[in-house]
Amino acid sequence: FLETAAYFCMKPKMGEKEVSPHSFFSIWHEFSSDFKDFWKKENKLILQERVKEAEEVCRQKKGKSLYNIRPKHDSGIVSKNL
């Protein structure tokens, strides 16, 4: 624990000799809860952007026909007889 606290440059509070786990984890809890909130908001924004992109792709594909209609050519037996 002390190595981890030293890695994050935690210093003991006034009147304490070492960093207490309570002070370290209270700060860590605030950081992790803020990070989780921002993560959820960012994921929600990314999801909304992807939904908009998918809807736009669907609109573009619906605008285009999925099949081509070719004009009828007079090359059959009936057209030769007429």
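Some points to look at:
- Segment 1-18: number of residues that are open to solvent by less than 100 Å² (accessible area, probe 1.4 Å), in a helix (DSSP H, G or I) and not polar (S, T, N, Q): 3
- Members of segment 19-51 that are in contact with a helix residue (DSSP H, G or I) (Cβ under 7 Å, 6 or more places away or on another chain) and either on the phi > 0 side of the Ramachandran plot or surrounded by fewer than 11 Cβ atoms within 10 Å (Cβ to Cβ) (or both): none
- Considering residues of segment 26-65 that are aliphatic (A, V, I, L, M) and modelled with pLDDT of 95 or more only, the residue farthest from Pro12 (Cα to Cα): Val51
The values are calculated or read from the model by the stated rules, or taken from the named source; none is laboratory data. No experiment lies behind these values; they were computed from the predicted model shown. So basically every Cβ, Gly included, is an ideal-geometry build from the backbone, and we count neighbours across all protein chains shown. For accessibility, only protein heavy atoms count, side chains too; no ligands or nucleic acids. Shrake-Rupley method; radii C 1.70, N 1.55, O 1.52, S 1.80 Å.
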